[in-house]
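Structure, as structure tokens:
Each value in this text was obtained by applying a stated rule to the coordinates, not by laboratory testing. Keep in mind that what you see is a predicted model, and the values were worked out from it rather than measured. Glycine gets a Cβ as well: all are built from the backbone with ideal geometry, and neighbour counts include every protein chain shown.
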């Protein structure tokens, strides 16, 4: 499956959980990213807000499985920014691709 489609679908799944915590400028930025065919940026924006208010999961607002799926789509270059969220939610941290030894 096309990664752009996967990012778009995940951004759309996260949107209803993130938008209540976003101001209008942030909502517009995520929407513009989607419209500009940059769904990864929208995914990252929405996941940032879900992680920023990680208490949303504790209040049963955001399904933990959905957060894990979105976290697993984050590019290695940005992974460190989301590790605190993973720790708070008890999600095992992903390793950067470069950290994997192909011989193992």
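By the Kirkwood approach, averaging reciprocal distances over each pair of separate Cα atoms, the stretch 3-90 gets a hydrodynamic radius of 12.7 Å.
State whether the stretch 1-40 is rounded, prolate or oblate according to the following rule on the C-alpha gyration tensor (a ≥ b ≥ c being the square roots of its eigenvalues): a/c under 1.5 gives rounded; otherwise a/b larger than b/c gives prolate, and the remaining case gives oblate. It comes out oblate by the Cα gyration axes.
Computed extension gain for residue 81 through residue 36, at 0.36 nm per residue and net of the alpha carbon distance, reaches 13.8 nm. The order of the peptides 9-19, 23-33 by mean Cβ neighbours within 10 Å, most packed first, is 9-19, 23-33.
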